[in-house]
Amino acid sequence: MSVIAETSELADISEMVRAGERLSFADGVRLFRTRDIHTLGELATVARERLHGKAAYYNINRHINYSNICVLRCKFCSFYRPFPKDAPENETKEPRASARANHDREQAFPIIDESRKLKLAAPSDTYELSVDQIVARAREAHEHGATEVHIVGGLHPTLPFDYYLDMCRGIKTACPDLHIKAFTAIEIIHFTRITKPRLSIREVLEQLREAGLDSLPGGGAEIFDDRVHDEAYKNKVGEKGWFDVHRTAHEMGIFSNATMLYGHVESIEDRVRHMIKLREHQDESLASRAAHFNCVVPLSFIPDDSDLSHLPGPTGLDDLRTLALARLMCDNIPHIKAFWIMQTPKLAQVSLNWGVDDLDGTVVWYDITKREGHGTHQELTVDKIKRLIIEAGYDPTERDTLYRPVQQK
Ligand code: SF4
């Protein structure tokens, strides 16, 4: 045991972590509130290096956000646009004329509360990608070394389930070995509602898997708490629905990830409870299901242009504490990812010494969240990712979606 840990207010927790013992809710809250941040970082590093040694993972991937049209209005979300009322129904396979011709176009909404009204009055800001456009992007990514496409979008009111099946089939036909990680639990439940007759979660997943879906991302979990749900995303499927999808996926042998959106209206206790719920689900999946969570992705809330833009969002230290806590509390989930879009590349780099072992990937295009001044082109080259990792004292290790090592040809 180091001198720091021996004299720390966290000495008892330090002993538990070093012995590989599970931490309680009270331990988690204490760790969150400690002023001894150095010991917190050190303990998260102990847990991280016990699992992964000096490896720090990244992948070459491409995010594709197929449409920003959504029937919901989650307060933390700056991505959604309402369905344009004058749009023709059933225009499903090709993008509307209003689709963004240049996907890299900067958004020009002022970062003030009034921005939401402007946004709602700007239907031309909506877009839908056609299946052909999605397949073209996937093919281009594959040609540039991508091993994964990460596909998510809004809950579109008129696109039929076939659109999602066709995009998976199209990508697999064009690039059979490209891993399709697609559709948050919320989208999967949306698909059960748009099919006629309605399909179950299992039936939706079966059809998507048959079409080419390989795994699920972890989005839409937000914070597993009724008060936070009612305050920030009242009409969205909550904890039960999210776990239903991931439980079913794991039973079917489909691996998935898990997220936590933090730094808005939740409390520290809510965050710790969220992590424990993920841990409990993982215990069950590891014991009795064919697949499980691969990683936890704590997502740092970016208030810009959302209905919660009056909130300050997490500080850098809050980000580090949360990532370290995720490593220490979710002791049965192999990987902790800093999604650099949310935490910034600089802080994601620091977090490699705070429990994080994965920096996600090259991303390239990302429409869901943008910090002020950022467009949708958000890319880290492999060389930049490697530099971040090496400077932090770790070994860059390219992985595929399931964390198997990749050797680029
Ligand atoms: S978070 Fe997802 S479901 Fe909620 S409004 Fe945004 S796109 Fe729609």
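The values are calculated or read from the model by the stated rules, or taken from the named source; none is laboratory data. Predicted model only: the values in this text are computed from it and were never measured. Using ideal geometry, Cβ is built from the backbone for each residue, glycine included, and neighbour counts are taken over all protein chains shown. Please note that ligands, DNA and RNA were not included when accessible areas were found on the heavy atoms of the full protein model with its side chains. Shrake-Rupley method; radii C 1.70, N 1.55, O 1.52, S 1.80 Å.
The test for being farther than 19 Å from THR184 by Cα and not in a helix (DSSP H, G or I) holds for ALA146. Looking across ALA138, ALA101, one residue alone is open to solvent by less than 20 Å² (accessible area, probe 1.4 Å) and either under 30 Å from LEU402 (Cα atoms) or at pLDDT below 95 (or both). It is ALA138. Residue check: GLU94 meets all listed conditions (1) within 16 Å of the ligand (Cβ to nearest atom); (2) assigned to a loop (DSSP other than H, G, I, E, B); (3) modelled with pLDDT under 95 but one, namely (1). Scanning segment 249-271 for residues that are out of contact with any Asp or Glu (no Cβ under 9 Å at 6 or more places or on another chain) and open to solvent by less than 20 Å² (accessible area, probe 1.4 Å) yields ALA249, SER256, ASN257, ALA258, ARG271.
Just checking, which of LYS172, LYS240, LYS196 is more than 29 Å from SER130 (Cβ to Cβ) and open to solvent by 30 Å² or more (accessible area, probe 1.4 Å)? Before the answer, list the steps.
Values: LYS172 fails: more than 29 Å from SER130 (Cβ to Cβ); LYS196 fails: more than 29 Å from SER130 (Cβ to Cβ).
After applying the criteria, what remains is LYS240.
The single condition among (1) at pLDDT 95 or above; (2) farther than 15 Å from ASP319 by Cα; (3) within 16 Å of the ligand (Cβ to nearest atom) that MET260 does not meet is (2). The listed residues are THR369, THR322, and the only one of them that is more than 17 Å from THR45 (Cβ to Cβ) and either among the polar types (S, T, N, Q) or modelled with pLDDT under 90 (or both) turns out to be THR369.
Do the conditions hold for ALA211, that is, is it away from the ligand (no atom under 16 Å from the Cβ), modelled with pLDDT of 95 or more, open to solvent by less than 40 Å² (accessible area, probe 1.4 Å) and more than 20 Å from SER285 (Cβ to Cβ)? Answer is yes for this residue. For segment 228-237, a residue qualifies if it is farther than 18 Å from GLU203 by Cβ, open to solvent by 20 Å² or more (accessible area, probe 1.4 Å) and not in a helix (DSSP H, G or I), and the qualifying residues are LYS234, ASN235, LYS236. Entry remark, segment 137-175: residues being within 19 Å of the chain's Cα centre (by Cα) and within 16 Å of the ligand (Cβ to nearest atom) number 6 in total.
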